[in-house]
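Here the structure comes first, spelled out in structure tokens, and everything after it is commentary.
The values are calculated or read from the model by the stated rules, or taken from the named source; none is laboratory data. Everything numeric in this text was worked out from a predicted model, so none of it was measured. Note that each Cβ is placed from the backbone with ideal geometry, even for glycine, and that neighbours are counted across all protein chains shown. Keep in mind that these areas ignore ligands, DNA and RNA; they rest on the heavy atoms of the full protein, side chains included. Shrake-Rupley method; radii C 1.70, N 1.55, O 1.52, S 1.80 Å.
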Amino acid sequence: MSRSAYGRRRFLYGLGGVTIGLPVAASIPNLVRAAPGQAPPRYVSLYFGNGLPRLFADNGYRGPLGPLSPFQSKLAMVTGLNMNEANSSSIHWTGTSRFGVGHRMAGQTVGAGGESLDNALHRKFAPPGSILLPVNLTREADNLGGDPRTRHYHSWKRAGTWNREVQNPRDVWNVVFSDCMGQSGDPMNGSGTAPDPEAVRRSRYRHSVLDAVKGQYEEIVSSRSGYSAGIRGLVSDHLELVRELEKKVADMTARLESGGSETPMGSGTCEGAPSPALNIVPEQACTPSLCSTDQSQYIRANTDANWNEVWRLNAELYAMALRMGRVHYGTLGCTGGGDRYAIPELGSRGVNKSPHEYAHDFRADWNNDNAQKFALCVEWIMEKIAYFLQLLDDSAWPDPNGGTVLDNTLVMIGTEMGTPGNGQHNGDYMTFFLAGGGGRIQSGVHRFAGNTDTEFYNAVARAMNLGETFGDSREFTDSGRQGDALFGIVR
Amino acid sequence: MTNLRQTLVCGGIQCRIEPYTWVLRIAALSVAVALSSCSGLIRGRDSDDGSGEPSGGLVNDPAARRVSVGPAVGRRLTHDEYFNSLEVLLGVELDPSAFELQRETNSRGFFRNDAESVAFRSDQAEAYEAIARSAAEQVSIDSLVRTHASCQDHRPECYRSFIDSLGRLIMRAPVVDAERGLFERIFDVVRGEGGPFETGARLVLEAMLQSPRFIYRLELQQGSAKTREIDDYELATRLAFLVWNAVPDAELIQVATQGDLRSKLEDQFERLWSDGRRSRRALRQYIEQWLRLDAGGAGALNDDMREETYRLFERLEWDQNQGVLEALTAKRTELSGRLAEFYGIASQGAEFDVYDLADQPERIGFLTHAAVIAGNTNFAPTSIIDRGLFVYSSLFCRFISIPEDDATVALIEEQTVPPDSRLSQRERLARQRENELCASCHGQFDPLGFAFDPYDSAGGYRTEDEFGNALRSQGEVSFGDVQFSYANVEEFAQNIAARPEVAECIAEKSLQHGFGRRLLGQDRDLIAEVFSGAKGELNWKNLLRTIAMHPEFALVEVAGDVKSAEVAK
């Protein structure tokens, strides 16, 4: 047995398995649970890349969609969604940046044009201690043009600014669990114990530096600086992020001064030394790729070798976070638009190109070789999605109302393009799914909605009681709840 | 006259978009393109401003000459520039991959320092903070304090001397009062905590390394006229970025402070260039982008491939005193043992060594380097179109934007002959070019890619494709005034090296990178003058010196909104 293989298996089945859920749950002080008898509202945007052809959607839960058939009674399939994006060449990034956002891309390379649904819901409803969790597993197609990050990210704080996504299970673990472990007292408000003077001093120093940096940006941005409006606008975007960082450090300094810890519960960030939990997997036992904290290295290395295992581990961690009330809102990505990832395990069935390439060569004919191979690719993706749904639907982890997590979580499953006909690589006739939903969706239906994706997202926002118009209102044609039924939504 | 708003209609086998927004900008100005038949968004060296006047060569009538003046530089430093600058300022060399920086890419035909693409995006504030902290921790703070502070205790004059001296160096201009106050507050906090002066100095360094006046290149846009001469600090900065891809060092800032830079510009150019380590580093970073080497693969062999290309240009420039064009036809190259084996050549040892390629007709000059081939192959196993477009844009400075509208895309899909036809890619493209509209564009750049048809996506040589079709380097090139045919890749390289358009394009690329912006019709005369000034000895040093010494290198456009504001005052 090789050393690296030992580390990988040990990480996957020892640390990452569901079996760790109970001790972890017991150790977290501020689990956010709903009142007895009530299930907490939860929402996940689940993205998959390179589209779902109309041919496959119209075939129902068979063949490529077969893996979803066990959940048919908990799914609403919505077809015929159209994205107001004219071109097909750039669909991977224009489409991906619209996913769960409903705005046109902010520019050629700067990302989504607005806030994503998970962020809006988290911003409005997340209880204290709950973190927004963006996880994605894809392989970037760097050479396809546009900004790879625009294809890579699905959770957006606002136009052009994404929430940091993770795809390394170790980072998922860190984000979800590590920062809240091993700390005494109330990590949000200090413990009442004596402050650590050295930590306080370090934090004050850091804050003084950022305060000076912030002041310089404000000076540049001011109209008296002598710079053009264009330059001041450019720098003002940077200023906003410096302000956020400065405020975060100011808050941390205040916490330390009152005897609290450096990281608040629910910050969603991982800083400082690795937590004790990570020592379960000794650093030297990890394969460099699996345990790397370098996302780009991780992407390249693991999509070829460990994709299934990494997906399963991330899905398990994600499901656990939802069960425990650590996460209520987030995104989960499974493959990326424009990926060059030829699925190794399908190689024996003659599938030696990436789903992206088969999507380009697709013919709406079940007898066509490219269609058959693309169907195998889609089936493989649906198996991954089904695994996640299965974890959420595990009756061993009932919600307070007796339903499964899936029953009470609205999972919006979709992609960036439609492939309505032969080789068409555009945003027409897209197919999305809604799963679970806590009574918000009419499950077991297959709806045709000839509406825009933005209207669909807005209907989902209404179903979640967001109470705000979501997406770009210029793309609405339907404005009332009556139309929500088109999308399989009942309230 | 063909309007630029007309859409490209070509039967490309892949759908790709390049953000050539400047082409659209030209179109918005009702500029016309003078290409005879291709109806795509094309810009050629001889047809970019709609004036109908040919470019190239010196303009004899000064009155007719157009002044090349661009907007003031206002952009973030590229990662290369940022880390190079840390080395120049502090002697600190950090590994960029240790920080969570956004990955930077450059589109075909453009550079990463393009002012339009180096915007600030998203959550990088923490990354810059981490870099600044690492740099400040590695520097000898005692030495820094001795160099920049007149005294080293908690007195205002000590703070002031340190802030003013270090700030002028890092921020490339004198520190203004408002900034000084911000940095003094850091010292105040340290004094309040009972910390030493050196701690304050280290923190001030951290703050300066996160300053917008360090992270960004910001040139003032105030002025009462339409244009203004940049000041000596700005000129020093332009010069240092031109030669070193980094900020000015202390000596250059000192010359700028004394107001002597214009009279000492050539001396300072020579001094910067003679720092071979930094000028070679800058040239490598330029070559990487120009030839798209960064788009190649990762790993030791791929690193060796890139190293081969860097070494070729360095050897010609520094060791053999030969021009850039020689790199197109060089038959001597430097290979590692594993790269030699990859090329099918007997290894002379594991380390890099000089190889004579006389017996390798398939290898000549940098165009057949594996790194260049691999970096310009987006779709395995080969890509005639990508490689043709690379030569078309990077060596002929001509550009085509790929269509987006549904009708054109539908036509492309209709015309595409799929790989499962088992025809060679050359044959599939030939069938697509039977469509007249497809041929109007592909007829221009496909033949430039035929030369590389026998090379696989990794840059290896093969004689037949995956379907058993024979592959050959043969073609007839015809666009604009460029007409030649070739029977093999050696003839192709020799033809390319002999083209005056290629020589001028090399000058244009240097200028494009040196200015850090996209060149427009107004820059046409400047391009011609730089080419003319350097072509006697078309090497990098000569090109960069010609650019640096040109009067328009020091000219900047005044922004309308800033000018108005000043008038209002």
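Side notes on the structure shown:
- Test: residue in the stretch B:536-558 that is within 14 Å of chain A (Cβ to nearest Cβ) and open to solvent by less than 10 Å² (accessible area, probe 1.4 Å): yes
- Taken over the stretch B:174-183, the criterion of being at the interface with chain A (Cβ under 9 Å from one of its Cβ atoms) and assigned to a helix (DSSP H, G or I) is satisfied by B:ALA178, B:GLU179, B:GLY181, B:LEU182, B:PHE183.
- Selection count where residues are in contact with a helix residue (DSSP H, G or I) (Cβ under 6 Å, 6 or more places away or on another chain) and among the aliphatic types (A, V, I, L, M), scope the stretch B:490-513: 6
- Residue pairs meeting the criteria (Cβ under 6 Å; at least 6 apart or on separate chains; first open to solvent by 70 Å² or more (accessible area, probe 1.4 Å), in the stretch B:191-202; second not small (Gly, Ala, Ser)): B:ARG191/B:HIS154
- Where A:ALA396 falls short, out of the listed (1) more than 23 Å from A:ARG62 (Cβ to Cβ); (2) at pLDDT 85 or above; (3) crowded, with 23+ Cβ neighbours inside 10 Å: (3)
- B:GLY194 vs. criteria of a type outside the set (Lys, Arg) and part of a helix (DSSP H, G or I): no
- Filter result for B:LEU166 (of a type in the set (A, V, I, L, M) and more than 9 Å from every other protein chain (Cβ to nearest Cβ)): yes
- Candidate set from the stretch B:214-228 (those that are surrounded by 20 or more Cβ atoms within 10 Å (Cβ to Cβ) and facing chain A (nearest Cβ under 7 Å)); member that is nearest to A:LEU245 (Cα to Cα): B:TYR216
- So A:ARG149, is it modelled with pLDDT under 75, facing chain B (nearest Cβ under 10 Å) and within 10 Å of the chain's Cα centre (by Cα): no
- Boolean, B:VAL354 is part of a helix (DSSP H, G or I) and either away from every other protein chain (no Cβ under 14 Å) or among the basic types (Lys, Arg) (or both): no
- Candidates are the residues of the stretch A:208-235 that are among the hydroxyl-bearing types (Ser, Thr, Tyr) and in a helix (DSSP H, G or I); the one that is modelled with the highest pLDDT is A:SER208.
- Options A:TYR227, A:TYR205: the member that is within 17 Å of B:ALA132 (Cα to Cα), surrounded by 15 or more Cβ atoms within 10 Å (Cβ to Cβ), of a type in the set (Phe, Trp, Tyr) and at the interface with another protein chain (Cβ under 7 Å from one of its Cβ atoms): A:TYR205
- Filtering B:ASP232, B:ASP188 for residues that are of a type outside the set (A, V, I, L, M) and more than 9 Å from every other protein chain (Cβ to nearest Cβ) leaves a single hit, B:ASP232.
- Of the residues examined, B:GLU229 is not one that is at pLDDT 95 or above and farther than 27 Å from B:ASP142 by Cα.
- From the options B:ILE364, B:ILE373, residue that is touching a strand residue (DSSP E or B) at 6+ places or on another chain (Cβ under 7 Å) and either of a type in the set (Phe, Trp, Tyr) or crowded, with 23+ Cβ neighbours inside 10 Å (or both): B:ILE373
- Test for B:LEU209: is it open to solvent by less than 10 Å² (accessible area, probe 1.4 Å) and away from chain A (no Cβ under 13 Å): no
- Here B:GLU129 fulfils each of the conditions (1) modelled with pLDDT of 90 or more; (2) at the interface with chain A (Cβ under 9 Å from one of its Cβ atoms); (3) touching a strand residue (DSSP E or B) at 6+ places or on another chain (Cβ under 8 Å) apart from (3).
- Within the stretch B:474-489, the set of residues being farther than 20 Å from B:GLU427 by Cβ, open to solvent by 50 Å² or more (accessible area, probe 1.4 Å) and modelled with pLDDT of 95 or more comprises just one member, B:GLN483.
- Test: A:GLN424 is buried (at least 23 other Cβ atoms within 10 Å of the Cβ), in contact (Cβ under 8 Å) with a residue 40 or more places away in the chain, more than 22 Å from the chain's Cα centre (by Cα) and in the same structural domain as A:MET105 (by TED's automatic domain parsing): yes
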